[in-house]
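Q: Let me give you the structure first, and then I'll get to my questions.
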Amino acid sequence: MPLSTQSQTNEEFYVLVATLDNARNLSNILKAIAFKDHAIFSATPNGLKVTVEDSKCLQANAFIQAEIFQEFTIKEDLVGFQVNLTVLLDCLNIFGGSTVPGVLTALRMCYVGYGYPLTLFLEEGGVVTVCKINTQEPEEPIDFDFCSSNVTNKVILQSESLKEAFSELDMTSEVLQITMSPTQPYFRLSTFGNSGSAHYDYPKDSDMMELFQCTKTQTNRYKMSLLKPSTKALALSCKVSVRTDTRGFLSLQYLVRNDDGQICFVEYYCCPDEEAEEE
């Protein structure tokens, strides 16, 4: 790949080098969390984690494992920086994000370290473009303290069924109410919009339900404005895991297959709506 020669001159200075034959495998998963301008990048030998947050109530993480990349070289245990996600996506799609069969945009992403820009070498059809994006010191992501030992209820669904539910629910509702229970209604989504209340129930033995593990009845409300960004990930995914913990915090884990059939994960954490609890 000609890109490998483009950045050889500074090779020894880079703390992170990641290459992809198909840049869409990165841009598509970043679009699933692109609801705010700034994203925190954390690279470890296991791969890349990209975090976007909103008002300490919502956090989205995209995980791209090291194996997804054709090359993933990291010289430190942890490399972290913050970039403008909108600018990064614009650069990744600089050739127009071609979907023509056989026409791929190759990517080589390099980072020297603190104070240096993130450098992208993008190549399509023999044309190479170099983009340099300013980086900032990464902020500390919010710790939602969502651990599996505190999970009370969990279901895994085919994404199609959740897409169907979202298309039928009243999106004028300010909240989405989620009920999970070992007894009926098992798993229920409810809205309270302009046209009244609407409920969408899933039987626990539904073909769309891959796993049903509920230990206690929980009903929590979440601001629809916070959940709407996660529909970007839902649109790309084939399965979704819905979990709640003892505090009513919500975890939505989306399994996303890229163009090459490899699996990546996108996870959203959302706080319950406190106003609803006070009523």
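Q: Among (1) in a strand (DSSP E or B); (2) free of Cβ contacts under 8 Å to residues at least 60 places away in the same chain; (3) small (Gly, Ala, Ser), which single condition is Gly96 missing?
A: Only one criterion is unmet by Gly96, namely (1).
Q: A further question on this structure: Name the residue, out of Glu164, Glu210, that is open to solvent by 50 Å² or more (accessible area, probe 1.4 Å) and more than 30 Å from Asn46 (Cα to Cα).
A: Glu164
Q: Are there any pairs, at least 6 apart or on different chains, whose C-beta atoms fall under 6 Å, with the first in the range 154-178 and under 15 Å from Val242 (Cβ atoms) and the second of a type in the set (Gly, Ala, Ser), and if so, which?
A: Ile156/Ser241; Ser159/Ser237; Leu169/Ala198; Gln177/Ser190
Q: Please count how many residues of the range 220-236 are part of a strand (DSSP E or B) and open to solvent by 10 Å² or more (accessible area, probe 1.4 Å).
A: Of all residues in the range 220-236, those part of a strand (DSSP E or B) come to 220-223.
When the remaining residues are screened for being open to solvent by 10 Å² or more (accessible area, probe 1.4 Å), the result is 220-221, 223.
So the answer is 3.
Q: Please specify each residue of the range 121-161 satisfying the condition of being surrounded by fewer than 14 Cβ atoms within 10 Å (Cβ to Cβ) and in contact with an Asp or Glu (Cβ under 6 Å, 6 or more places away or on another chain).
A: Matches in the range 121-161: Asn150 only.
Q: Checking the structure you have, find out if any residue of the range 171-189 is open to solvent by 70 Å² or more (accessible area, probe 1.4 Å), under 19 Å from Cys270 (Cβ atoms) and either at pLDDT 95 or above or not polar (S, T, N, Q) (or both).
A: Yes.
Q: In the set Ser251, Ser195, which member is under 22 Å from Phe146 (Cβ atoms) and either touching a strand residue (DSSP E or B) at 6+ places or on another chain (Cβ under 6 Å) or open to solvent by 80 Å² or more (accessible area, probe 1.4 Å) (or both)?
A: Working: Ser195 fails: under 22 Å from Phe146 (Cβ atoms).
Among Ser251, Ser195, only Ser251 is under 22 Å from Phe146 (Cβ atoms) and either touching a strand residue (DSSP E or B) at 6+ places or on another chain (Cβ under 6 Å) or open to solvent by 80 Å² or more (accessible area, probe 1.4 Å) (or both).
Q: Follow-up question, since we're still on this one. Looking at the range 21-30 only, could you name the residues that are surrounded by fewer than 20 Cβ atoms within 10 Å (Cβ to Cβ) and not polar (S, T, N, Q)?
A: Within the range 21-30, Asp21, Leu30 meet the criteria.
Q: Something else about it: Looking only at the range 103-127, count every residue that is among the basic types (Lys, Arg) and assigned to a loop (DSSP other than H, G, I, E, B) and tell me the total. It would help to see each step written out before you state the result.
A: Going through the range 103-127, the residues among the basic types (Lys, Arg) turn out to be 108.
This time we only want the ones that are assigned to a loop (DSSP other than H, G, I, E, B), so: none.
Summing the residues that are among the basic types (Lys, Arg) and assigned to a loop (DSSP other than H, G, I, E, B) in the range 103-127 gives 0.
The values are calculated or read from the model by the stated rules, or taken from the named source; none is laboratory data. Computed from a predicted model, the values in this text were never measured in an experiment. Backbone-built Cβ (ideal geometry, glycine too); neighbour counts: all protein chains shown. Please note that ligands, DNA and RNA were not included when accessible areas were found on the heavy atoms of the full protein model with its side chains. Shrake-Rupley method; radii C 1.70, N 1.55, O 1.52, S 1.80 Å.
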